[in-house]
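The values are calculated or read from the model by the stated rules, or taken from the named source; none is laboratory data. Treat the numbers as computed from the prediction; the structure is a model and nothing was measured. Cβ coordinates were reconstructed from backbone atoms using ideal geometry, including for glycine residues, and neighbour counts include every protein chain displayed. Heavy atoms of the whole protein, side chains included, go into the accessibility calculation; ligands, DNA and RNA do not. Shrake-Rupley method; radii C 1.70, N 1.55, O 1.52, S 1.80 Å.
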Amino acid sequence: MNGSKIAAVGDASEVGCWSGIPFHFLQACRQAGFATEPWRIDLSQITWQRYAWNGLQGLRGRKGGFQYSPWFLHMIESQIPSELWEGDIITFNQHFPRATTVARRGGQLSHYLDAPFVALASGRGLDLRLPSRVVRQAIALERENYSASKRVITMGRWAAEAIKAECGVPPSRVHVILPGANLELPDGWMFPEHVSRAGVERPFTLGFVGKDWLRKGLMLVIAVRDELARRGWQVQVRAAGDAPHELQRREGVEFAGFIDKSRNPEDFVRFLASCDLGCLFSEREALGISTLEFLRVGVPVAGFAHEGMADTLPLDAGFRFESGSDCRSIADAVEYYLQDEVRQARFRANARCWSEKVTWERCIGEFQELWTTGTVANPVQPWRGLPTVATP
């Protein structure tokens with residue numbers, strides 16, 4: 001297992017690559033002696049080629065699709081030294097590297113994905129809008145890659161079902177492993193002491209993380225806050241990210257500004273821990289790392305239990321709402337919660353138990369078990385509640 005490679009469209013060793021997921025995966029892999037070699041793609045080397053491609057497509061009356069083209073894939077594959085093609089390669093991308101290239105160079109490919117392209121292209125997980133010609137070509141390549149790969153591992157159940165149903169991958173080669181939260185707790189960090197009487201003697205804080213505030217449901221979180229305030233509760237929204245102009249002076253809403261997790265990890269942890277409930281109400285979401293981040297610091301969570309989010313909302317430390325639930329029904333559930341201090345204490349205690357289970361170290365332990373035995377005997381699955389047997 002030693003020396004396995006990690007691939008992404010970009011430098012897998014850099015925290016800025018694909019929301020930092022390959023970076024955090026790599027750090028945990030190195031600690032465990034699992035996959036230790038990152039592939040480093042310098043996208044700046046192909047800037048003029050992108051312009052040339054887009055210009056040529058424009059002359060033909062076409063739009064976009066460069067990153068799915070054989071030209072693009074060949075150029076980024078050519079940046080990888082020959083010795084890094086051998087052995088196991090774990091990629092975070094549906095199309096790169098191409099499985100035929102991996103096989104020709106003596107490697108063996110596995111995928112670790114938040115969503116299949118075939119789902120994204122039809123508006124599930126995220127709304128990916130591309131010309132139909134590009135979509136057809138990209139889906140064909142995706143199916144070819146999965147067919148020739150040894151394993152296809154997804155971060156959530158919905159993605160696994162789509163890959164089996166729509167890409168024709170046998171169930172025996174499809175696995176689900178929950179990722180970890182993209183943060184490290186500072187040395188000596190302790191869960192903060194809870195201050196009781198939330199909503200009465202102090203504001204109950206609804207937390208929100210996300211630059212794409214509209215898609216991730218910030219307006220619904222604010223509407224829930226407003227509904228609870230109308231009922232007489234003290235409630236505030238704390239959001240990490242830059243304030244949209246129309247919300248800069250909204251009553252009961254506080255913006256913490258952009259927090260760079262790589263440079264100011266302690267600031268980000270403090271922000272998360274200052275909230276009473278971490279919220280994610282996306283209509284489209286491939287997974288939802290922010291809910292795992294709230295759980296990592298011991299904060300219960302709430303969100304729409306569909307697509308990827310359904311796998312990150314624990315029954316025993318979170319609120320699971322049907323997609324499309326309105327602010328009144330969500331406020332009803334939160335109000336009952338505010339009226340029950342015992343339930344609040346139980347949710348917080350369970351969230352702290354989840355903290356040690358939503359890590360990349362645990363994730364890599366499950367990868368090692370899969371590589372060794374071909375299965376994961378007791379995977380961490382928040383939608384089923386806290387596991388009764390310790391994971392490897």
Give the number of residues within the stretch 68-94 that are without any contact (Cβ under 8 Å) to a residue 60 or more places away in the chain and either touching a helix residue (DSSP H, G or I) at 6+ places or on another chain (Cβ under 6 Å) or among the charged types (D, E, K, R) (or both).
-> 6
Residue, most open to solvent (accessible area, probe 1.4 Å), within the stretch 183-237, restricted to residues that are of a type in the set (D, E, K, R), touching a helix residue (DSSP H, G or I) at 6+ places or on another chain (Cβ under 7 Å) and modelled with pLDDT of 95 or more = Arg231
Within the stretch 249-272, the count of residues that are crowded, with 18+ Cβ neighbours inside 10 Å and part of a helix (DSSP H, G or I) comes to 4
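So which residues in the stretch 141-163 are assigned to a helix (DSSP H, G or I) and open to solvent by 60 Å² or more (accessible area, probe 1.4 Å), if there are any at all?
Within the stretch 141-163, Arg143, Glu144, Ser147, Ala148, Arg157, Glu161 meet the criteria.
Okay, residues lined up against (1) surrounded by fewer than 21 Cβ atoms within 10 Å (Cβ to Cβ); (2) polar (S, T, N, Q); (3) at pLDDT below 85; (4) closer than 17 Å to Gln108 by Cβ:
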residue	(1), (2), (3), (4)
Ala7	no, no, no, yes
Asp11	yes, no, no, no
Gly16	yes, no, no, no
Arg50	yes, no, yes, no
When residues of the stretch 107-136 are limited to those that are assigned to a loop (DSSP other than H, G, I, E, B) and charged (D, E, K, R), the one least open to solvent (accessible area, probe 1.4 Å) | Asp114
Just a yes or no: is a residue in the stretch 364-379 at pLDDT 95 or above, touching a Phe, Trp or Tyr at 6+ places or on another chain (Cβ under 7 Å) and polar (S, T, N, Q)?
-> yes
Within the stretch 27-45, considering residues that are over 21 Å from Ala99 (Cα atoms) and open to solvent by less than 10 Å² (accessible area, probe 1.4 Å), the one nearest to the chain's Cα centre (by Cα) | Ala28
